[in-house]
Structures are given as structure tokens and as C-alpha cells.
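What follows is one structure encoded as C-alpha cells, with my remarks underneath.
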């Protein structure tokens, strides 16, 4: 037995936040919104997927944003993404260096913390 990977990341959101989630995850981060299975769609929330990147947002009636816990997303062209985030009203903040990466933190529209990481060129070979 062995764990082989992560299928998706599930984050919480408040009820009625689907439009804000779509504007951020699809509109700014570029992760396509996909339909939830019909039997799960009745719960609200939304899913965003692009290849192996899968971020699911589920409605939590007692929603509290994840401030320390976070998803770490690998990105390309971090500086352009940071500019797009700032333009959309989502400022990104740097952190202490992490060997092999440039990285920033940004909050989604609900206050959930995301780490955006771009491997240094010598790390991708």
C-alpha cells in the first residue's frame, strides 16, 4: 500500500460565493470551472480543474477561512500572475525564501490562503 498523489484540494466557502469563486479561480488563476456531478451540485460550491490541478470549493454553513492551512499551487510566470492578482484586487505577499522556488501568498475571495510557487529554472530540468 502507498499513497501515490493528491487527487484534489477541497477548500471551504460561504453559501452563495460561486460567482466570486469563478471570477478568482477561473478568471484570474485560469483554472477552468467544471460542472459538479448532479448529486453533489445540490450542495452548492464549485469545482475548478485543469489537467492534474483540481481545486474544489464546498459550502460550509459555519465557514471560517483557512488562514494557516493552505494549498500550494505550482505556477508559471509568477510575476505576471502577481500583476494580474493585484489588478483584480487580490494583493499577493512574499514570504521567507524557500530553496528552489519563488513564491507568494494570496487570499481567495473568501480569505482562504493559497501559496503560489514557481520552481526556479534549474529545478525543472
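The values are calculated or read from the model by the stated rules, or taken from the named source; none is laboratory data. None of these values were measured; they are calculated from a predicted model. Counting neighbours? That spans all protein chains shown, and the Cβs are built from the backbone with ideal geometry, glycine included.
For segment 19-84, which strands (runs of 3 or more DSSP E) that fit wholly inside it have 1 or more residues that are in contact (Cβ under 8 Å) with a residue 60 or more places away in the chain and within 23 Å of residue 104 (Cα to Cα)?
Numbers: elements: 46-50, 53-59, 70-74.
Counting at least 1 such residues, we get 70-74.
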Would you check if there is a residue in segment 93-102 being in contact with a strand residue (DSSP E or B) (Cβ under 8 Å, 6 or more places away or on another chain), surrounded by fewer than 17 Cβ atoms within 10 Å (Cβ to Cβ), modelled with pLDDT under 95 and in a loop (DSSP other than H, G, I, E, B)?
-> yes
Could you say whether any residue in segment 80-92 is loosely packed, with under 13 Cβ neighbours inside 10 Å and under 21 Å from residue 120 (Cβ atoms)?
-> yes
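Under the condition of being free of Cβ contacts under 8 Å to residues at least 60 places away in the same chain and under 11 Å from the mean Cα position of the chain (by Cα), which residue from segment 97-110 is farthest from residue 81 (Cα to Cα)? Before you say what the answer is, go through the steps one by one.
So the first thing to find is which residues in segment 97-110 are free of Cβ contacts under 8 Å to residues at least 60 places away in the same chain, and the list is 97-107.
Still in the running and under 11 Å from the mean Cα position of the chain (by Cα): 105-107.
Numbers: 105: 12, 106: 11, 107: 14 Å.
Per the criteria, the residue is 107.
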Please go through segment 13-32 and pick out each residue that is over 26 Å from residue 74 (Cβ atoms) and crowded, with 16+ Cβ neighbours inside 10 Å.
-> 14
Failed item, numbered, when residue 1 is tested on (1) out of contact with any helix residue (DSSP H, G or I) (no Cβ under 9 Å at 6 or more places or on another chain); (2) within 15 Å of residue 113 (Cα to Cα) = (2)
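Given 35, 65, 61, 109, which one is surrounded by fewer than 18 Cβ atoms within 10 Å (Cβ to Cβ), touching a helix residue (DSSP H, G or I) at 6+ places or on another chain (Cβ under 8 Å) and under 16 Å from residue 17 (Cα atoms)?
Details: 65 fails: touching a helix residue (DSSP H, G or I) at 6+ places or on another chain (Cβ under 8 Å); 61 fails: touching a helix residue (DSSP H, G or I) at 6+ places or on another chain (Cβ under 8 Å); 109 fails: surrounded by fewer than 18 Cβ atoms within 10 Å (Cβ to Cβ).
Answer to the selection: 35.
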Odd one out for residue 44 among (1) surrounded by fewer than 17 Cβ atoms within 10 Å (Cβ to Cβ); (2) farther than 25 Å from residue 77 by Cβ = (1)
